[in-house]
1. Compute the projected area of the convex hull of the Cα atoms of the range 252-294, averaged over all viewing directions, and report it in nm² to one decimal place.
2. Remind me, relative contact order of the range 118-239 in percent, using alpha carbon pairs under 8 angstrom and six or more residues apart?
3. How far, in nm, would the chain grow between Asn128 and Glu288 when pulled straight, counting 0.36 nm per residue and subtracting the alpha carbon separation?
4. Report the full-extension gain for the segment Met1 to Gln64: residue separation times 0.36 nm, less the Cα-Cα distance, to one decimal in nm.
5. Quick one: give the max-minus-min coordinate of the C-alpha atoms of the range 41-118 along each principal axis, largest first, in Å.
6. Within 11 Å, Cβ to Cβ, of Lys52, how many net charges do the neighbouring residues add up to if Lys/Arg are +1 and Asp/Glu are -1?
7. For the range 180-306, what number of Lys pairs, 8 or more residues apart or on separate chains, have alpha-carbon atoms under 20 Å from each other?
8. If one computes the Cα centroid of the range 1-36 and of the range 37-89, what distance in Å separates the two points?
Amino acid sequence: MTKLRIVFMGTPEFAVPSLDILVENGYDVVGVITAPDKPSGRGLQLVPSAVKVAAQKHGLKILQPVNLKAPEFIEELKSLDANLQIVVAFRMLPEVVWMMPSIGTFNLHGSLLPQYRGAAPINWAIINGEKETGVTTFFLKHEIDTGSILFQEKEPIHPDDDAGSVYQRLMFKGAQLVLKTVQSIETGTYKPQAQHDTGDLKHAPKLFRENSMIDWNKRSIDIVNFVRGLSPYPAAWTTLAGKTYKIFRTSVVDKKRQTPGEIDTDNKTHLYVSAGDGWISIDELQPEGKKRMKTQDFLRGFKFNS
């Protein structure tokens, strides 16, 4: 058995169960690398990352470098004398960092690689109407998300799922996979398998406001999947009657199509928008400057011109 000294790298909530499960199973986490505290709220008070909060709870050493190539950070990282690094939802690492440990650095990714390489794998799998996704552990190499696969676990995507619900399930399934991977490395039973770039590979580029706008010319089912894939964050958006709304939940309406983008509402119970092949019911939305709400609640206080 290999005695492991682990450095864990992560920032958001998604990474916390993976850190917790390592500590709970007695692994020697000699350091945690996470993002610097960020100003938040009206007072712009510094707020620690979710991983920092978890690391503090476990009494672990924490490093928060601004620059991952800074000589002082590299020296401090070397001094931890780790032989394995684990990355879960962290930023890109320079080669000098991921090449440092003798065993290597492995990453947890929220897709079944080689499908959905990139920054937003959960979102894009739902946007594209996939019925299945999963998590993958793999060793890092130069090209992003292309290293040799260690383990994978599948996870179904249900029709009523959105990015938030799949994120929650993969967060915990991923933690179990991280533990399985570490146990295999510890016992020397792991067998990395090279990724094969065959077939129709789909990618998962970062989401911005520009590519989160609803295109009402698309098919109804594609719009529903688009909204699901962006809910609750960063949220699909559209402009209706001159006002901008975030859209969180939609459904297909069996109704004869009109011009895409046309609105149909009784200003009481329903708000429909015409798509490329039918109609979409907007079921949850958020007007600018307001909170998220069900459409019926929204229509109690706002009326569209008939």
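1. Working: hull surface 13.3 nm².
About 3.3 nm², averaged over all directions.
2. 36 percent
3. Full extension of this stretch gives 54.9 nm more.
4. 19.6 nm
5. The Cα atoms of the range 41-118 stretch 42, 34, 25 Å along the principal axes, largest first.
6. Numbers: positive: Lys38, Lys57; negative: Asp37.
Summing Lys and Arg as +1 and Asp and Glu as -1 gives +1.
7. So the count of such lysine pairs works out to 24.
8. Value for the Cα centre distance between the two parts: 11 Å.
The numbers here are math on the coordinates, done by the rules we state, and not lab data. Just so we're clear, the structure is a prediction, and the values are computed from it rather than from any experiment. Here Cβ is always computed from backbone atoms with ideal geometry, including for glycine, and neighbour counts include all displayed protein chains.
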